[in-house]
Amino acid sequence: MKSPLLSLPGAVPAEGRDEGIAAHYGDLFREQRALAGGTGLVDLSHRGVVTVTGEDRLAWLHLLLTQHVSELPAGRATEALILTANGHIEHALSLVDDGTTVWAHVEPGAQEPLIAYLESMKFFYRVDVADRTADFAVVHLPAGSIAEVPEGVVVRETPYGRDLFLPRAGLAAYAAENGPLAGILAYEALRVEAHRPRLGFETDHRTIPHELGLIGSAVHLQKGCYRGQETVARVQNLGKPPRRLVFLHLDGSEVHLPVHGTPVRLAADGAEGRQLGFVTTAVRHHELGPIALALVKRNVAVDAPLLAGDTAAAQETVVEP
């Protein structure tokens with residue numbers, strides 16, 4: 001779904017999963033600094049929006065999600081996952097309940113398979129699931145923003161800022177009144193700096209929550225059964241996830257950033273050494289320079305110098321081995 005903000009002067013379209021919104025509006029680092037300083041607005045209108053209504057909505061979702069939501073207070077934001085039977089991450093939801101409706105935004109295009117799964121699990125529960133992507137656009141305001149929220153707009157308040165479920169028809173007018181605009185590249189740079197994983201970037205078909213450090217933030221260990229819980233409990237008790245998320249400081253002399261999937265190896269073994277992981281997201285940060293997140297094997301030494309493709313990389317621990 002193409003954003004109307006792409007028609008603004010200076011807007012450069014994003015590619016890949018973020019197609020449909022702006023990568024930037026002409027000055028990547030200025031946009032990053034604005035967000036870091038608590039000003040600006042990020043257009044996330046390409047993300048899917050799903051709602052769940054009905055008096056059983058929280059109790060029903062509690063049975064399906066990794067997060068404890070049966071008593072979720074109105075207005076409190078949370079993150080949740082849906083796992084496969086083997087405990088691999090299948091869906092990631094950023095959600096909030098407004099007192100009558102659960103609102104969630106998901107990765108672009110993920111709303112259709114998510115809704116199909118939820119519909120298959122309704123049984124006798126009094127719930128209704130709807131795709132609201134055509135009617136509502138997600139807009140992000142950074143932490144510290146003093147931008148006004150229109151009356152009646154549902155908000156997810158998090159430590160990283162506020163996500164607004166804005167009526168799509170009012171997106172252009174709201175952006176014009178609450179700029180400056182920042183593109184998805186600026187948003188992603190701050191996400192990587194904060195070590196926050198993203199579905200489809202830091203995950204593949206076999207990623208489990210422990211590998212990304214999602215226990216607590218998206219996975220509750222003291223709730224009832226849900227699909228994939230056996231894997232979560234086993235890894236929690238044994239403490240041995242096969243991989244772990246790391247943060248990389250990349251050599252700033254390289255012109256090109258390593259792309260998603262670039263092999264990660266020990267620097268001592270050189271570019272022909274055994275692959276120990278892969279780059280998930282690489283970005284240019286306004287203060288830190290080129291940085292990245294990567295998934296590596298659990299037993300890689302936490303202080304080992306690495307190579308991301310041909311680029312030297314120093315690692316910081318995100319998930320303890």
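The values are calculated or read from the model by the stated rules, or taken from the named source; none is laboratory data. Everything numeric here is computed off the predicted structure, so don't read it as measured data. Ideal geometry is used to build each Cβ from the backbone, glycine not excepted, and the neighbour counts take in all protein chains shown. Remember, those area values only see protein heavy atoms, side chains included, never the ligands or the DNA or RNA. Shrake-Rupley method; radii C 1.70, N 1.55, O 1.52, S 1.80 Å.
Things to note:
- Count of the range 205-233 residues which are open to solvent by 50 Å² or more (accessible area, probe 1.4 Å) and among the hydroxyl-bearing types (Ser, Thr, Tyr): 1
- Residue in the range 187-204 that is open to solvent by less than 10 Å² (accessible area, probe 1.4 Å), touching a residue at least 12 places away in the same chain (Cβ under 8 Å) and in a strand (DSSP E or B) present: no
- Residue list for the range 277-312, restricted to those being in a strand (DSSP E or B), among the hydrophobic types (A, V, I, L, M, F, W, C), under 25 Å from His24 (Cα atoms) and open to solvent by 20 Å² or more (accessible area, probe 1.4 Å): Ala282
- Qualifying residue in the range 112-131 (condition: farther than 19 Å from Ser3 by Cβ, in contact with a Lys or Arg (Cβ under 9 Å, 6 or more places away or on another chain) and open to solvent by less than 40 Å² (accessible area, probe 1.4 Å)): yes
- In the range 57-97, residue nearest to the chain's Cα centre (by Cα) [restricted to those that are over 28 Å from Arg234 (Cβ atoms), of a type outside the set (Gly, Ala, Ser) and loosely packed, with under 15 Cβ neighbours inside 10 Å]: Arg76
- Residues in the range 25-39 that are part of a loop (DSSP other than H, G, I, E, B) and acidic (Asp, Glu): Asp27 alone.
Listed here are the residues, each with its yes/no results for (1) touching a His at 6+ places or on another chain (Cβ under 8 Å); (2) charged (D, E, K, R); (3) farther than 30 Å from Glu71 by Cα.
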| residue | (1), (2), (3) |
| --- | --- |
| Gly224 | yes, no, no |
| Gly228 | yes, no, no |
| Gln236 | yes, no, no |
| Lys240 | no, yes, yes |
| Leu245 | yes, no, yes |
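- Strands (runs of 3 or more DSSP E) lying entirely in the range 65-152 (those with 1 or more residues that are closer than 25 Å to Ala186 by Cα, of a type in the set (S, T, N, Q) and touching a residue at least 12 places away in the same chain (Cβ under 8 Å)): 78-83, 89-97
- Within the option set Gly270, Gly239, Gly261, Gly252, being without any contact (Cβ under 8 Å) to a residue 40 or more places away in the chain, in contact with a Gly (Cβ under 6 Å, 6 or more places away or on another chain) and surrounded by fewer than 19 Cβ atoms within 10 Å (Cβ to Cβ) holds for one residue only, Gly252.
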